[in-house]
1. How charged is the neighbourhood of P146? Take every other residue with its Cβ under 14 Å from the Cβ of P146, and add Lys/Arg as +1 and Asp/Glu as -1.
2. Using 0.36 nm times the number of residues separating C184 and Q145, minus their current alpha carbon distance, what extension gain do you get?
3. What is the sum of charges around V119, taking Lys and Arg as +1, Asp and Glu as -1, for the other residues whose C-beta is under 12 Å from the C-beta of V119?
4. Taking the Cα centroid of segment 43-69 and of segment 83-139, what is the distance between the two, rounded to the nearest whole Å?
5. Mind sorting M159, M126 by how few other Cβ atoms lie within 10 Å of their own Cβ, fewest first?
6. If each residue of separation counts as 0.36 nm, what is the full-extension length gain between L65 and D155 once their alpha-carbon separation is subtracted?
Amino acid sequence: MLLTPCKLERQAILISAKRQMEGCSVFGFFRKNREEKRIARLYARIVKRARHPDFYQRLGVPDTLDGRFDVLALHVHLYLRALRRHDLGREALGQGLFDAFFADLDQGLREGGVGDLSVSKKIKRMAEAFYGRAAAYDAAFNAAQPDQALADVIDRNIMSEEKLTSSLQLAQYVVAFDQALALCSVDDIMAGAYLEEPLSHQLA
């Protein structure tokens, strides 16, 4: 079970509070604290988008823990890709988003009753799955026909067998999302660019 958007903001803000306090000047701490809040707000908005019913009811993504993880991981990856397009000074934002994502997964497992020893094993498997999918998505984006290449990846990793015909529609949405983020400034990315437009319009 994943955290609610409100809890996500609190959770992500506190992820590295202890780390921030160690060896930081007063001004450095407040600057990093502002970044944590930006990351928390962005992650909460990504989670809200990833939970949209259209992914599951309209496109046929399995409405399971695995299906929800895959849709969330896909959107997190899109924003990490967008941040990587900018200068190296923004790496902390990407790391913060990644940390928020896995802190959410960790907390969700614990709230679901998974014990400490099992949590670490499950998080490791989730991390491996995330990196594997990220590499496959990036390769698809670089293909001659990214829509079809991405649809093939989605077929293998996300869609249920009964709804394979909608893989291309989801792939087209993802390619358009990625292209839109490529035109955004860091501030627009961190504000949740492309999440303002209704999903129903983007899937049309």
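1. Within the 14 Å Cβ shell, the charges total -3.
2. Computed gain between C184 and Q145 is 11.7 nm.
3. Taking every Cβ under 12 Å from that of V119, the sum is +2.
4. Value for the Cα centre distance between the two parts: 17 Å.
5. M126, M159
6. 30.7 nm
Laboratory data are not the source of any read-out in this text; all were calculated from the coordinates shown. These numbers were taken from a predicted model, which means no experiment stands behind them. Don't worry about glycine lacking a Cβ; one is built from the backbone with ideal geometry, like all the others, and counts go over all protein chains shown.
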